[in-house]
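The values are calculated or read from the model by the stated rules, or taken from the named source; none is laboratory data. Just so it is clear, the model here is predicted, and its values are computed rather than measured. As a convention, Cβ positions derive from the backbone with ideal geometry for all residues, glycine included, and neighbour counts pool all protein chains shown. When the accessible area is computed, the model is the full protein with side chains, heavy atoms only, and any ligands, DNA or RNA have been set aside. Shrake-Rupley method; radii C 1.70, N 1.55, O 1.52, S 1.80 Å.
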Amino acid sequence: MKDNNFIDLATVRAGHENGGKKQFWRSLEQLAGAEDFQELAQREFPKNPPVKQAESGVSRRNMLKLMAASAGLAGLTACTKLPIEHIAPYVRPSEEFVPGHPLFYATSMPRPEGGAIGLLVRSNMGRPTKAEGNPDHPASLGSTDIFGQASVLDLWDPDRVQTVLHEGAITNYSEFLDLLGQLRGSYLTQKGAGFRVLTETITSPTLGSQLKSLLAQFPEAKWHQYTPVNRHAEREGIRAVYGEALSVYYKFDQADVVVSLDSDFLCSGRGGVRYSRDFADKRRIRDAHSSMNRLYVVESMATITGATADHRLPLKPSQIEAFATALAAAVGVKGIDAGAQAPAGVPAAWLSGVAHDLQQHRGAGIVLAGEQQPPAVHALAHAINAALGNTGKTVICTAPIEIQPVNEMDSIKELVDDMNGSKVDTLLIIGGNPIYNAPADLAFEKALDLVKLRLRLGIYNDETSYRCHWVVPQVHFLEAWSDERAYDGTACVVQPLIAPLYGNRSAHEVLGALLGDPGRTPHEWVRGYWSDQKLATPTEYETFWETALEKGVIPGTAFPAKTVTLKPGFAAALGKHSNGGSASAGPMEIAFRPDPTVWDGSFTNNSWLQELPKPLTTMTWDNAAYISLAAAEQLGVTNGDVVEIAYDGRKLRLPVWILPGHADGCLTVTFGYGRARAGRVGNGTGFNAYSIWTSDKPGFGPISTPRKTGDRYHLVTMQRHNIIGEGGHKQEEESVAAFRRDLVRVANLDEFRSNPDFAADPPEETVQAPNLYPRYDYSTGYQWAMAIDLNSCVGCNACVVACYAENNIAVVGKEQVDHGRIMQWVRVDTYWRGSLENPEAYHVVMPCMHCENAPCEYVCPVGATVHSPEGLNLMVYNRCVGTRYCSNNCPYKVRRFNFFLFSDWQTPSLYGVRNPDVTVRSRGVMEKCTYCVQRIKEAEIRTQEENRTIQDGEVVTACQQACPTQAIVFGNINDPKSKISNHKAQSRNYVLLAELNIRPRTSYLARLRNPNPEIKE
């Protein structure tokens, strides 16, 4: 691959200074005026790369081309020949199956760190094909995140374990049951001495009940829990201030002021989807009289939460505790030194402004800390909330949703100590992957080898399964009966959409066998548990249970709020909960974070998520060491330079990536990559941050100055692709307005109130624009359109993955992404403005604009792209001959061309994930966003049969349905009472490139910021 990552940092600074503070820019390459960036800005396609000849041997990338699940890069011959398939008539269909009519079932998706998000999963003739949010579930309210959307691909993953394995040889489950029966008999006499169970964080009431029963029968056995991205820091911080284990959730819909201390709470974690909705509800502006919340973010690495902030302050991870202490002192928390100072470099007005704002909104504020911060920061955040009267109003404390709330880092340390001490004869590992993701200083793999019998229930034959004697394939949650707790304690049902594909087994079954009841099904375990809870009378229980299955939640199970009181003298004990002092001992710091797309490694083999551009960086198929521009200049490195990081006696080599807004003096690495046994998609991607991660400093720690190795590694991002022609580089155009295309329109709240029409397009570019031909009359019938509220959008990418799942979009692999051939119909562009050290960041969601005067339609020589009477720009795949004229003529760069046979026709299991209502495209065909025309037509057919018109909200596009913040609105603009008509009528409504007179149906509501006038930036 050509190395496009190298940039001259001095040129970047010079280009930024020349552009001014109000200049919007997409990447450092743009500021540097890089030749490649200029070429891509002026061309629809980069120069076609040479076709590589066959190589001897098979590399990982070539393996992806030929075999990987959903990568689908096979069939590189000149002609496309699909496989011959035999069909059989469906003679006796099931009563509930009606061909062409999907069914929806409520279930819940467990999260690796505990908790669950509610889903409604679409089933086409018994095949789960699409996950949507469950509107009755408190954690989703009908929306989802990227992991929920991608969950159906994990179900159909051909790399899942498909048989029971003993010492690597295929066996059967009955032999494993015989073994469990022998173990039960043996350990009953020993009271369980030498028997251990290791699970992830357990929030399933039924599974927790089984584990407790197991410990009751085997009192000397032990149950350990471990998840690398867990909540032990928060838990210990809460215990420090309140003296007990609690769960906490936040009511952002009631908060006027929010302060985030390194917490990326939007679309991340147990309550992320709900928090995003509630937070966005407080930022919805309908007119100049509307109010808006205010968000302050103090963080080390730029995140989507920081990008949404009204004020953002980049600090090293170790400095955030000092800032929290100073803030606690400023708001009057008792026990905190009144003279506590903020870290050096923090403007005095910043701290005083935040404190004053919180005090003015007592009972209507939230201060929260990130999981990677030490317990002391969590304790300070809760102390501030208590002092301001937020606790009990916007900050709710409940009983723990975990069945057994423990410090999971201490738990796995204890297990390793017992294994090293020869105290463990049998270890049952349920889920997780501790050999890969346990802290490096624990040497978990070495300790595991000392255990005489190692049993594993897992979805993949991963790093941990490979070291176990017995491996039993675990069910995917879409094949399983179980239950979970949501972030607020609400119990929710996990019910199967399909029978286990490979005879997989549930944790309920394995534990049931150890409890002496191997014949009891998971459904019987779950139903029996809730029957014992006496939530309904025996005569009413059947109706109660059926309602719970239908809704996906068990009514009346949310945990009540607890009244809590700060421990006297808690502040004096904060020192033992801090690691900030040790972190500041080195010349630099390293911070560890879950990856925004593959998380802790649980989703590494999911190709939709691997190819999903990460927020802000838009990187795909890799991770990197993220640093600031100043740190890069100090180290003498640029994008793609490989550095060696030494941390607590261990070393890691990985490339750097300069991220605007990153704090100076530190770097950030993300988990989830560098795996050896993830599967054909995930193997060998990225770099393993767990290899240097330690248990004593899980969030961050000091490092010596990283060493520049002189090597380079090619990273692929999307920021340099699909560049819309604007930004100060003059083109050969006649229109003067073409030089001032404001793709992002932003104002402060006060500016909007004084000038509500600041974003409006001038009439001469819209309704009064001249036209050579008579305009088509769109005043009758359905006229579909979309509006995207940039004030609500947080750039989470849920819409992108939803489009993958709904529209059978192919994955192309890292090399093809680098060539600009990614197939995503929807993308999220990031624009920066302001200083390089702490710029503002803005997201623009880019689907097809469905222009009324669509320039793509005029140039197609075969009429493959046409316009419908309902205002849709359509693609007739069967006509397309691949000239790509339409894409070349699209000013928004939203069309995608199948250069090769990207869709996977070689992997039978992947047929199951495809939406039967959407054509699977082949080589040589152009494709793009259709406004989910299949959903429109389904509604039109249904309403015609019912002799009525389509009502507002009856047609919901996939991106709209997934959006956690409801930033996307779709509907009929000929209905004056519809939401879309109301959005289009708002003064903030504008379209991109209005001066081209192409009249796009997709429009945007301008972004607003609500800065504190006390803070001058």
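The table that follows gives values for the structure above.
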{"read-out": "Dipole in debye (nearest 20) - the stretch 584-712, about Cα centre, beta carbon charges: Lys, Arg +1; Asp, Glu -1", "value": "360"}
{"read-out": "Semi-axis lengths, Å, the stretch 247-398, gyration tensor of Cα atoms, sqrt of 5 times eigenvalues", "value": "22, 16, 16"}
{"read-out": "Point-charge dipole on Cβ atoms (K/R +1, D/E -1) for the stretch 529-574, about Cα centre, debye to 20", "value": "480"}
{"read-out": "The stretch 102-156 shape via C-alpha gyration tensor axes, a/c threshold 1.5", "value": "oblate"}
{"read-out": "Charge tally in the Cβ shell below 11 Å around PRO596, where Lys, Arg are +1 and Asp, Glu are -1, PRO596 excluded", "value": "-1"}
{"read-out": "Charge dipole of the stretch 778-902 about the Cα centre (unit charges at C-beta), most positive-ward option of ASN898, VAL800, SER835", "value": "ASN898"}
{"read-out": "Value of Rg to Rh for the stretch 733-1009 (Rh from inverse mean 1/r over Cα pairs, i.e. Kirkwood)", "value": "0.96"}
{"read-out": "Dipole-positive endmost among THR780, VAL669, THR398 within the chain (Cβ charges, Cα centre)", "value": "VAL669"}
{"read-out": "Estimated dipole of the stretch 968-1009 in Debye, rounded to 20 [Cβ of Lys and Arg +1, of Asp and Glu -1, Cα centre]", "value": "160"}
{"read-out": "Long pairs among LYS651/LYS708; LYS614/LYS697; LYS423/LYS452, criterion Cα-Cα beyond 19 Å", "value": "LYS614/LYS697"}
{"read-out": "Helix-only [θ]222 nm of the chain, DSSP H runs n ≥ 4, -39500 (n - 2.57) each, per residue, nearest 500", "value": "-7000 deg cm²/dmol"}
{"read-out": "Kirkwood Rh and Cα Rg combined as Rg over Rh, evaluated for the stretch 480-566", "value": "1.04"}
{"read-out": "Per residue solvent-accessible surface (Å²) - the chain, probe of 1.4 Å", "value": "37"}
{"read-out": "Values of log10 I(q)/I(0), in the order q = 0.09, 0.14, 0.18, 0.20 Å⁻¹, for the stretch 137-294 under a Debye, Cα-only, solvent-free model", "value": "-0.55, -1.03, -1.28, -1.37"}
{"read-out": "Share of carbon and sulfur in the accessible heavy-atom surface of the chain [1.4 Å probe, %]", "value": "51"}
{"read-out": "Positive-end residue of GLY431, PRO135, LEU207, charge dipole of the chain with Cβ unit charges", "value": "GLY431"}
{"read-out": "Rounded to whole Hz, the Karplus (6.51, -1.76, 1.60) HN-Hα couplings of the stretch 591-603, x for glycine and proline", "value": "10, 10, 9, x, 6, x, 10, 10, 6, 8, x, 5, 10"}
{"read-out": "Net charge of neighbours whose Cβ lies under 9 Å from the Cβ of TRP223, counting Lys and Arg as +1 and Asp and Glu as -1", "value": "+3"}
{"read-out": "Inverse of mean 1/r across different Cα pairs in the stretch 862-1017, Kirkwood, Å", "value": "18.7"}
{"read-out": "For the stretch 496-504, Karplus couplings with θ = phi - 60° (6.51, -1.76, 1.60), whole Hz, Gly/Pro x", "value": "x, 9, 7, 5, x, 5, 10, x, 5"}
{"read-out": "Under-30-angstrom lysine pairs by C-alpha in the stretch 733-1009, whenever the two are 8 or more apart or on separate chains", "value": "13"}
{"read-out": "Scattering profile of the chain at q = 0.05, 0.08 Å⁻¹ [log10 I(q)/I(0), Debye over alpha-carbon scatterers]", "value": "-0.30, -0.80"}
{"read-out": "Positive minus negative residues near TYR931 (Lys, Arg vs Asp, Glu; Cβ under 12 Å)", "value": "+2"}
